[in-house]
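Working notes, structure below.
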There are 2 protein chains.
Amino acid sequence: MESTLFTRIINGEIPGEFVHRDDLCVVIRDIHPQAPTHLLVIPIQPLPGIQAAQDADQSLLGHLLVVARRIAEQEGLAEDGYRLVINAGDHGGQEVPHLHVHLLGGRPMRWPPG
Amino acid sequence: MESTLFTRIINGEIPGEFVHRDDLCVVIRDIHPQAPTHLLVIPIQPLPGIQAAQDADQSLLGHLLVVARRIAEQEGLAEDGYRLVINAGDHGGQEVPHLHVHLLGGRPMRWPPG
């Protein structure tokens with residue numbers, strides 16, 4: 001199985017700005033930020049995307065969201081709010097075939113969400 | 001505790017177009033769709049938002065994402081893709097204080113996500 005861009009960042013082969021790391025996931029800053037705060041919550045296990053998520057992944061998926069909520073607080077976004085986004089496939093705009101949750105905040109997010 | 005708009009829909013006090021219902025969540029169509037397919041995955045337990053999510057909610061949160069993935073397939077969105085969005089607070093654009101995951105598809109979603 002080919003290593004994804006995110007796996008190479010997680011393994012330190014490519015630099016990344018880490019905000020969090022635990023046994024199941026990391027949080028890094030997006031290199032093309034779309035808001036004053038734009039982070040990516042990425043499982044270490046390279047699930048290709050939410051499209052591939054099975055019942056057995058439920059607790060990992062929940063962990064990603066709880067970590068996103070915690071890091072949002074840590075980044076000072078709790079009071080004003082923020083948006084979490086998961087892109088799936090072409091129409092979703094998914095660019096890396098390794099599941100990741102976008103966490104965006106620091107400005108009012110518009111509607112529709114893209 | 002005041003009943004939320006979504007709790008009233010779940011309880012049948014206000015009409016909603018249901019696509020899915022299980023012991024933990026429902027999926028309804030958004031009444032102001034922002035894409036050809038625009039659904040809401042809503043936990044029956046009225047968690048006020050992702051901001052309130054605790055470790056104990058991890059498995060429920062994961063369930064919401066797995067259900068979103070399954071319903072996306074059922075709606076014919078698996079091949080082209082889709083976007084999942086969770087709004088938190090004012091900057092996120094959260095309008096109902098009851099956690100819900102937006103599932104949008106049927107058109108290419110733009111970037112940034114709002």
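The values are calculated or read from the model by the stated rules, or taken from the named source; none is laboratory data. Since the structure is predicted, the reported quantities are computational estimates derived from the model, not experimental observations. Methodologically, a virtual Cβ is constructed for each residue, glycine included, from the backbone with ideal geometry; neighbour enumeration extends over all protein chains shown. Surface accessibility is based on the protein's heavy atoms, side chains included, excluding ligands, DNA and RNA. Shrake-Rupley method; radii C 1.70, N 1.55, O 1.52, S 1.80 Å.
Quickly run through the stretch B:1-21 and pick out the residues that are surrounded by 15 or more Cβ atoms within 10 Å (Cβ to Cβ), in a strand (DSSP E or B) and out of contact with any Leu (no Cβ under 8 Å at 6 or more places or on another chain). Passing the criteria: only B:His20. With the structure loaded, tell me whether A:Asp55 is out of contact with any strand residue (DSSP E or B) (no Cβ under 9 Å at 6 or more places or on another chain) and farther than 19 Å from B:Leu84 by Cβ or whether it fails that test. For A:Asp55, the condition - out of contact with any strand residue (DSSP E or B) (no Cβ under 9 Å at 6 or more places or on another chain) and farther than 19 Å from B:Leu84 by Cβ - is not met. A:Met109 meets the conditions (1) touching a Pro at 6+ places or on another chain (Cβ under 8 Å); (2) open to solvent by 20 Å² or more (accessible area, probe 1.4 Å); (3) assigned to a loop (DSSP other than H, G, I, E, B) in every case but one. The failed one is (2). The stretch A:22-105 holds strands (runs of 3 or more DSSP E) entirely within its bounds, and those carrying 1 or more residues that are facing chain B (nearest Cβ under 7 Å) map to A:82-88, A:101-105. Out of everything in the stretch A:89-106 that is of a type in the set (A, V, I, L, M, F, W, C) and buried (at least 19 other Cβ atoms within 10 Å of the Cβ), what residue ends up being farthest from A:Ile10 (Cα to Cα)? Top of the filtered list is A:Leu104. Restricting B:Ile86, B:Ile31 to those that are free of Cβ contacts under 8 Å to residues at least 12 places away in the same chain and either open to solvent by 20 Å² or more (accessible area, probe 1.4 Å) or among the hydrophobic types (A, V, I, L, M, F, W, C) (or both) reduces the list to B:Ile31.
The set of residues in the stretch A:57-103 being among the aliphatic types (A, V, I, L, M) and in contact with a Pro (Cβ under 7 Å, 6 or more places away or on another chain) consists of A:Leu60, A:Leu64, A:Val85, A:Leu99. The single condition from (1) modelled with pLDDT of 95 or more; (2) under 27 Å from B:Ala72 (Cα atoms); (3) open to solvent by 10 Å² or more (accessible area, probe 1.4 Å) that A:His38 fails is (3). Within the stretch A:61-95, the set of residues being farther than 17 Å from B:Val66 by Cβ and in contact with a Phe, Trp or Tyr (Cβ under 7 Å, 6 or more places away or on another chain) comprises A:Ala72, A:His91, A:Gly93.
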